[in-house]
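Data first, discussion second: the structure below is written as structure tokens.
The values are calculated or read from the model by the stated rules, or taken from the named source; none is laboratory data. Model, not experiment: these values are computed from the prediction. When we count neighbours, we look across all protein chains shown, and the Cβ atoms used for this are built from the backbone with ideal geometry, even at glycine.
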Amino acid sequence: MERVVLLVLCVAPLGRCYSSGGVTESCEGMRPQHSGLSPQTAPPPFTVTTDHVSYRPGDQVKVEIRAPASTPFIGFLLQAREVGGRAPVGSFALTTGGAQLLACSQRPLTWRSEASEVMKPIQFHASFVQNFRTFWVDVTSPSMNSTHNYSGGSTPPPTPQTTTTYRPAPPVGSITSAACGVTKLCFSQPASCDPAANSKCYFMSAVALSPTAAAVRYEMTGPSDGYVSFGFSDDQMMGSDDIYICGVGGDGAVRLQRSFSTGRTTPRAIPLGNVSDVRASLLDGVISCSFTSRNIVSTQRTTGFNNTYYLLFAHGPNSNGQIQFHTGTFISSDKVDVSRPRIVSKAGWPHIIKAHGALMLTAWMTLGSLGMMVARYLKRLTKRQKLCGKDVWFLVHVAVMSVAIAATAIAFILSFSYAKAWSGGAHPVLGCLVLILSFLQLLLAVLRCGPQHPRRFLFNWFHALNGMCIKVLAVAAIFTGLQLIDSSLDKWLMRVMGGLVGWDALGFILLEVLLKWRLNSADVLGSKLTTVDVVLVVLFFLGNLTFLVTLLVGIGKA
């Protein structure tokens, strides 16, 4: 549940609310007068949005400020300023009793535009006070363009259209990397791929059509059954991002839309704004869009044409025209200015995420398999061999599986300490199930009844079935995790993982056949088959290590 405050303003405005009343000293710097304290530097949990993408003199624009239920605020200051300016403009009409007007700059703030006046893009700036020591300063809304930017004449120019007639995109081959680094900025996966030569790569480009980058021609293309998209961000985490999405609608047509991402929910659609010459198509499973945008990039924290931002690229499915959680994404290694031609390199995965993947892979594709084989197939080989009063096979099984569960817990902590939030998708769900069932397996093993108990068979069956469920869920979690980090066109990490699963299954099948055969054989033959068991386990382990090392190297290079 979110707290929402609505303000209605005339054209472009200024307002302010504090629990103790107006403080005019805060007008210019937007800082509450809390002596000796500095504003928060972490991304703000609050958002400021408008129901208009453009305005004309006299228009009323609804401004909405939002706070999550977990982070309420006790005061706020809200101003409207020209983009790049510091003086407040316009005036507010309040729609809530929980706010009051504050006269800044000691002058009236009613907007009265004349025909000869050049009206500039407007942006709303807000500061939020959570408590005396915790406050955020200068949280910004997306910019709002004027539809009357003219400097004379009796007839104002026409209002820019907010709906666009879509034309078929040029053939995929015409979107090319030929001028990358020379006249246009390019960002792709794999690096330096050419969509004209390989339509299966993901690619976006930007060409500034003027020295000030007031108009930029964008292209994006990639294989997808739902959408491809790119966005601008102040950091390398999704959230507070200005995004353009090229997606298949419910009617099967490909359309361009603009959204703003909060990072934790489906991006919120916003008006397309000053966008023209849109071309969109879907050909042989490849979605392509090209368009010219005169919109100012806005992440609510920074706004402008020539500011630098991280580039995000994401693709995934949709449902009846509604985009779903992305199945693949890549991010630029540093901030870029779209007006400067260059080839942008993508950032690698953080080491903490790579460690998470390596631990889960080792825990359930090597240690887990070995622990299950020892308990199932090598029990007879080590019978009557004891250590510390316990069967050797049992001690090996307990040690190996305990390490696997500990590695799973550490991997879980690493991933959530990095993300600090639920990121969505199947992968975290599967990982949570693996962790829960692993601890349940450990708890019931500690509380198990004795071998001679009449209901011991219930524990034996549950222990075996739960172990099999953990194994299956772990394999699915690893596949979905590798899918997120495998950026190669041929998905070779996924292929190697498939080979490891096949090798794993083959080892279990052969050992199961030998177990059944030994149970039905004479003692002499049974003893020979036991030797075969040992040989098979050794071969299985060597092959398993080969696949494991290959995958770990691939994760390290991802």
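Observations on the model:
- Only one of the listed residues (Gly316, Gly285, Gly328) is small (Gly, Ala, Ser), at pLDDT 85 or above and touching a His at 6+ places or on another chain (Cβ under 9 Å). That residue is Gly316.
- The stretch 482-496 - residue that is surrounded by fewer than 18 Cβ atoms within 10 Å (Cβ to Cβ) and polar (S, T, N, Q) and, of those, farthest from Gly368 (Cα to Cα): Ser488
- Single condition Lys471 does not satisfy, out of (1) in contact with a Gly (Cβ under 8 Å, 6 or more places away or on another chain); (2) without any contact (Cβ under 8 Å) to a residue 24 or more places away in the chain; (3) among the basic types (Lys, Arg): (2)
- Filtered residue count, the stretch 436-477, keeping only those that are touching a Phe, Trp or Tyr at 6+ places or on another chain (Cβ under 7 Å) and of a type in the set (Lys, Arg): 2
- Residues that are surrounded by 13 or more Cβ atoms within 10 Å (Cβ to Cβ) and more than 30 Å from Val496 (Cα to Cα), drawn from the stretch 457-481: Phe459, Phe462
- In this entry, Ala474 is excluded by the filter for residues that are over 25 Å from His326 (Cβ atoms) and in the same structural domain as Thr362 (by TED's automatic domain parsing).
- Filter pass, Ala69 being under 35 Å from the mean Cα position of the chain (by Cα) and either modelled with pLDDT of 75 or more or not assigned by TED's automatic domain parsing to the domain that holds Thr299 (or both): yes
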